[in-house]
Every structure is written in structure tokens, then in C-alpha cells.
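One structure is given below, encoded as C-alpha cells.
The values are calculated or read from the model by the stated rules, or taken from the named source; none is laboratory data. Since the structure is predicted, the reported quantities are computational estimates derived from the model, not experimental observations. Cβ placement follows ideal geometry from the backbone for every residue including glycine, while neighbour counts extend to all protein chains displayed. All accessible areas refer to the heavy atoms of the entire protein, side chains included, with ligands and DNA or RNA removed. Shrake-Rupley method; radii C 1.70, N 1.55, O 1.52, S 1.80 Å.
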Amino acid sequence: MYDQLVFIHQQLKQREVGIELQRFTNVVTKPGVSYYEVPAYNEYLLLTNASALPIGTRIISDTNSIEIAVSQKSLVAMEEFSGLIAIEIPNEVQEYPILEFIQIVKE
């Protein structure tokens, strides 16, 4: 996890983005709910566990979109989202995932 944080800090420094707050945050999914919205204005949410999400999960924001496919099951890179984030979990899942993010609030 330390390497990920160092990478994030380097990337934001290159963009000249100051960090006001850095923390871990989760979106816990529940049976019967397949759609979630997470407001992430003036901040970044970096998905750290894409490989643990069910195939067919979609995450769409103002800055990025991803649909988890078989090829993402081995994904180790972080995906960055900002703005309004929409998360759609497939209806036929057996276990409901927890989406793990590193939250960076900009200065």
C-alpha cells in the first residue's frame, strides 16, 4: 500500500495538485441494491481492488469509466475517478463486494 501512496503523491505533484486530506474509504454493496452514486467533487477516488469485483461491474464518473471484464481480474493498477461516480453491480452476483478506494481531497 505504501508504494501506491508514493505513486499517488508523485502523480499529484506533477499535476501541481495539493492534498488537503488523504484517507481510505469504502463503498459497501448490499443485496437488492445494484446501483450506487458517490459524489466525489473536488477530490479523487482511486479504486484499489478492481480484481476483487464481480465481472460486469461498471464504474462511471465524470473523468473515467471501467467495466470489469475477465482481463481486469488480474488488474493491479489503480483506477482514478472524480466528479459524480456511478457504480453498477451485476444482478446475478453471489457475494456483494466492498469497493475500496483511496480518497484524495484537493486543496
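State all residues of region 3-32 that are more than 15 Å from Gln103 (Cα to Cα) and small (Gly, Ala, Ser); if no residue qualifies, say none.
Hit for region 3-32 is Gly32, nothing else.
Being open to solvent by 50 Å² or more (accessible area, probe 1.4 Å) and either over 23 Å from Ile8 (Cβ atoms) or touching a Pro at 6+ places or on another chain (Cβ under 7 Å) (or both) is the filter here; which residues of region 48-65 pass it?
Ala52, Ile55, Arg58
Scan region 23-47 for residues that are surrounded by 14 or more Cβ atoms within 10 Å (Cβ to Cβ) and of a type outside the set (D, E, K, R) and report the count. Lay out the reasoning, then the answer.
Filtering region 23-47 down to residues surrounded by 14 or more Cβ atoms within 10 Å (Cβ to Cβ) leaves 27, 29, 34, 36, 38, 40, 43-47.
Checking which are of a type outside the set (D, E, K, R) leaves us with 27, 29, 34, 36, 38, 40, 44-47.
Final tally of qualifying residues: 10.
Somewhere in region 41-50, is a residue among the charged types (D, E, K, R) and either at pLDDT 90 or above or assigned to a loop (DSSP other than H, G, I, E, B) (or both)?
yes
For every residue, the table says whether it meets (1) within 23 Å of Asp3 (Cβ to Cβ); (2) not in a strand (DSSP E or B).
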position: Val33; (1), (2): no, yes
position: Val38; (1), (2): no, no
position: Ile55; (1), (2): no, yes
position: Gln94; (1), (2): no, yes
position: Ile102; (1), (2): yes, no
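Any chance region 58-77 includes a residue that's touching a Phe, Trp or Tyr at 6+ places or on another chain (Cβ under 9 Å), assigned to a loop (DSSP other than H, G, I, E, B) and among the hydrophobic types (A, V, I, L, M, F, W, C)? Before the answer, list the steps.
Within region 58-77, the first condition is being touching a Phe, Trp or Tyr at 6+ places or on another chain (Cβ under 9 Å), and the residues that meet it are 59-66.
With assigned to a loop (DSSP other than H, G, I, E, B) added as a condition, the list becomes 61-64.
Those still in the list that are among the hydrophobic types (A, V, I, L, M, F, W, C) too: none.
Checked region 58-77: no residue is touching a Phe, Trp or Tyr at 6+ places or on another chain (Cβ under 9 Å), assigned to a loop (DSSP other than H, G, I, E, B) and among the hydrophobic types (A, V, I, L, M, F, W, C).
Only one residue in Ile68, Ile89 is under 23 Å from Glu43 (Cβ atoms), modelled with pLDDT under 95, β-branched (Val, Ile, Thr) and surrounded by 13 or more Cβ atoms within 10 Å (Cβ to Cβ), so which one is that? Outline the logic, then answer.
Values: Ile89 fails: modelled with pLDDT under 95.
Selected residue: Ile68, the only one of Ile68, Ile89 that is under 23 Å from Glu43 (Cβ atoms), modelled with pLDDT under 95, β-branched (Val, Ile, Thr) and surrounded by 13 or more Cβ atoms within 10 Å (Cβ to Cβ).
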